[in-house]
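This report concerns only the one structure given below.
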Amino acid sequence: MGYPHPSHPRETPILSKYFGDPEARTLAGWRARGGYEALENALNTDPQELQTVVKDSGLRGRGGAGFPTGMKWSFMKPDGKTHYLCCNADESEPGTFKDREIMRWTPHGLVEGVALAAHAIYAQTAYIYIRGEFTEPYARMCQAVDEAYAAGILGPNAMGSGKHVDVHVHRGAGAYICGEETALMNSLEGRRGNPRIKPPFPAVAGLFGKPTTINNVETLATVPYIIKNGAEWYKQYGRPDNPKSIGTKLFSVCGNISRPGNYEVALGFPFKDFLYDLCGGPLAGREIKAVIPGGSSVPILTREEAEGAIMDYEGFVASGTMLGSGGVIVFDDRQDMVRQIARLTRFYAHESCAQCTQCREGTAWITRIMERIRDGQGTAEDLDTLVAISEGMSGKTICVLSDSCATPVMSGLKKFRHEFEAKIAANKSVVTVPGAFRASAA
Amino acid sequence: MSHGPSASGGALVAAPPHGTHHDKPHVPVFVGDTRVELDRILSRYPTKQAALLPALWMLQDARGWVSEGGIEEVAAALGITPAYVKGVVSFYTMYHQHPVGRHFIQVCTTTPCNVCGAEDVVKSLLEHTGCGDLGFTSADGRFTVVEVECLGACGFATPIMINNDFVESVTPESVSRILSELK
């Protein structure tokens, strides 16, 4: 539902059905709503079978990359080794705030999904890594885990199944990069959150060097519904002509929009209807100018492009962008795109872990140049320099933070070049800014 | 990755002076119930080092910031070196490497909040707290205001965090009322 707004008739609330309902937070309340039935059933089912159901359901990762969840699980074999499950609750992609509401309103739903997934990948221990700023979601999750232990849902004999399932909540301390899966593992191990070189992939050597599966909050919260209702049930959600994007998805909507909030729709929903009907369109007297549909790391769309887009993995790609994490950022006609893109690059410069040269230098230099243009000090050759740096920092680093910084610059230059040029044309001064290029921004 | 460049200006945020807080001896944190709690946390992980972030949180909750003496105590408790702990502390933005105001205020100014007027909220906060500039503490020691990158509450622009509490949908006008409710 469009929390904090009432549910819209065109939504498909599965995960968000109980947002805003404080009773659903408690163990008794969750059980009264059918909670933990899927887990009880799953703990007495062979993990292989669970992997197959999730694979058949077509569920894909909801954190951003969209990797098929069942396939990820199938990398985990009964090899007798210690396995770990990590739940990625480090939600920090600008524009995204869906996992926050899942944890605030349905913490037991996530505990259930995490415990179920742990069993499905032959793991005894799972960690939920929550970003440090999420104090309320952290408290809710800690309470739900404590309640689940007290009720025997977790522990050495989980729900009387004879299976041992431990779930621990781990709090981060402020670092966007820890949402990158291998950085998260380093952080959980008590290290700086630097991403690791892959291979080895987490399924081979992940947390504490052991085979590890890492899934996003929304993905794991979805799993109990699939186990309970079956893969065929889940497949009813999505466009009939696109079997690659199945299910419902939470979209967080923010920026210059009438009704910001979280909306859950079946994949394949028309983006125009979503923006104008569900979210109420632009603020009174304003027009939408641009939309970033999947969190700040995906290419910007013009209004026309956004209005023609279809909300699923392939639909957004066909429009030249990506579904990403489902964080929709709306810009209206008051916004200066140069200023806002500069603000985004500053975000990446601040969050670069600085281990790869292209990222450490690239994010900082792009920010300097973007801010110079923003402040009316840019020159025509700056635009070529921006393109050169963007190309030089894409596809060359350990993780994709570097690419994510280049993305809004490249798409912004392509689609709103006139705004850059207008600022540069207005610059009548000879540009000498001593020291402006020296300091590293990160 | 400590508090980086500010969004409102081009300059780096000045950190308060270091080296002035090292005179007071560190009073151990991991004693009594807190030691029991640390042991309980340690039992969740196969390595002691994995309890580093939780241990640093416990230290900061008890003392308000992460001092040199605190770093040494955490390092000893977990069997790692103080230099290593310091490297970890400095990576994350939420550990205070110097004392901060009684009310530590983080304002989100990243793009989604920025397009909703977050920079005006920053101005209002700086004015009403008397902090003067980002990263500085007010003369009465009550407030420190910093910018923060995306608090993950973009639909409730502008969110601010006051110590551990979230306040959503803050406007320049609501700042004085919010501050007046703090001690």
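Working out 0.36 nm times the residue gap between A:SER429 and A:ASP333, then minus their Cα-Cα distance, what length gain in nm do you get to one decimal?
Once the chain is fully extended between A:SER429 and A:ASP333, it gains 31.7 nm.
Hey, what do the phi angles of the range A:302-313 turn into as Karplus ³J(HN,Hα) couplings, whole Hz, using 6.51/-1.76/1.60 and θ = phi - 60°, x for Gly and Pro?
Running phi through 6.51 cos²θ - 1.76 cosθ + 1.60 with θ = phi - 60° gives 6, 4, 4, 5, 4, 5, x, 8, 10, 7, 8, 4 Hz.
Helix-derived [θ] at 222 nm for the protein assembly as shown: sum -39500 (n - 2.57) over DSSP H runs of at least 4, divide by residue count, nearest 500?
-11000 deg cm²/dmol
In a GNM of chain A with a 10 Å cut-off on Cα contacts, which of A:GLY268, A:GLY20, A:GLY324 has the highest mean-square fluctuation?
Of the options given, A:GLY20 has the highest mean-square fluctuation.
From the phi of every residue in the range A:418-429, what ³J(HN,Hα) in whole Hz does the Karplus formula 6.51 cos²θ - 1.76 cosθ + 1.60 yield, where θ is phi - 60° and glycine or proline is x?
Taking θ as phi minus 60°, the curve returns 4, 6, 5, 5, 5, 5, 5, 4, 7, 7, 9, 8 Hz for the range A:418-429.
So what is the relative contact order for chain B, in percent, with contacts set as C-alpha pairs under 8 Å and at least six apart?
After rounding, I find 21 percent.
Among A:ASP403, A:ASP277, B:ASP33, what is the fewest-to-most ranking by other Cβ atoms within 10 Å?
B:ASP33, A:ASP277, A:ASP403
Roughly speaking, what is the centre-to-centre gap between the range A:52-114 and the range A:278-332 when only Cα atoms are used, to the nearest Å?
Going from one Cα centre to the other spans 25 Å.
Under unit Cβ charges (Lys, Arg +1; Asp, Glu -1), what dipole magnitude, rounded to 20 debye, does the range A:230-310 have relative to its Cα centre?
In debye, rounded to 20, the range A:230-310 gives about 140.
Determine, for A:PHE274, B:PHE166, the number of other Cβ atoms within 10 Å of each Cβ, and report the residues in order from fewest to most.
Starting with the residue having the fewest Cβ neighbours, the order is B:PHE166, A:PHE274.
Per residue of A:96-104, what is the mean number of Cβ atoms on other protein chains within 10 angstrom of that residue's Cβ?
Taking the mean over all residues of the peptide, I get 3.
What percent antiparallel are the DSSP beta bridges of the protein assembly as shown, to the nearest 5?
The answer is about 45 percent antiparallel.
Mind sorting A:MET410, A:MET103 by how few other Cβ atoms lie within 10 Å of their own Cβ, fewest first?
A:MET410, A:MET103
Mind checking A:135-142 for the average number of partner chain beta-carbons within 10 Å of each residue's beta-carbon?
Partner-chain Cβ atoms within 10 Å, mean over residues of A:135-142: 2.
To the nearest 0.05, what FRET efficiency results for A:GLU232 and A:ARG10 with a Förster distance of 25 Å applied to their C-beta separation?
Efficiency, from the Cβ-Cβ distance: 0.60.
Summing Lys, Arg as +1 and Asp, Glu as -1, what charge do residues with Cβ under 11 Å from the Cβ of A:MET311 carry, A:MET311 excluded?
0
Filter the cross-link list A:LYS235/A:LYS414; A:LYS55/A:LYS81; A:LYS249/A:LYS414 down to pairs whose alpha-carbon distance in this structure exceeds 32 Å.
Over 32 Å Cα-Cα: A:LYS235/A:LYS414.
For B:ARG177 and B:VAL27, compute 0.36 nm times the residue count separating them, minus their Cα-Cα distance, and round to one decimal in nm.
Net length gain for the segment: 50.3 nm.
With a point put 7 Å past each Cα toward its Cβ, work out how far B:ASP165 is from A:GLU381 in nm, to one decimal.
Between B:ASP165 and A:GLU381, the label points sit 5.5 nm apart.
For chain A, what does the relative contact order come out to in percent, with C-alpha contacts under 8 Å and a separation of six or more?
16
Under a 5 Å amide H to amide H cut-off, with H placed in plane at 1.01 Å, what residues pair with A:ILE214 once short-range neighbours are removed?
Amide H neighbours of A:ILE214, under 5 Å, 5+ apart: A:CYS86.
Taking Cα pairs under 8 Å and at least six residues apart, what relative contact order does the range A:49-157 come out at, in percent?
27
From the backbone phi of the range A:234-239, what are the Karplus-calculated ³J(HN,Hα) couplings (6.51 cos²θ - 1.76 cosθ + 1.60, θ = phi - 60°) in whole Hz, Gly and Pro given as x?
Couplings: 5, 5, 5, 9, x, 6 Hz.
Would you pull out the residues with amide H under 5 Å of A:PHE269's amide H, same chain only if 5 or more places away, H placed 1.01 Å from N?
So A:PHE269 has HN proximity to A:MET311.
Which residue fluctuates the most in chain A, going by a Gaussian network model with Cα springs under 10 Å, if the choices are A:LYS163, A:LYS249, A:LYS198?
The residue with the greatest mean-square fluctuation here is A:LYS198.
Taking the Cα centre of chain A as the origin, how large is its charge dipole in debye, to the nearest 20, when only Lys and Arg (+1) and Asp and Glu (-1) carry charge on their Cβ atoms?
The calculation lands at about 640 debye.
Just A:LEU85, A:LEU220, A:LEU278 to compare: in a GNM of chain A, with alpha carbon springs under 10 Å, which one fluctuates most?
So, out of A:LEU85, A:LEU220, A:LEU278, the one fluctuating most is A:LEU278.
Identify, among A:SER394, A:VAL223, B:ILE160, the residue whose Cα sits farthest towards the positive end of the charge dipole of the protein assembly as shown, taking +1 on the Cβ of Lys and Arg and -1 on the Cβ of Asp and Glu, with the dipole about the Cα centre.
So the residue furthest toward the plus end is A:SER394.
The numbers here are math on the coordinates, done by the rules we state, and not lab data. In this text, all values refer to a predicted model and were calculated from it rather than measured experimentally. Because the Cβ atoms are built from the backbone with ideal geometry, glycine has one as well, and the counts that use them run over all protein chains shown.
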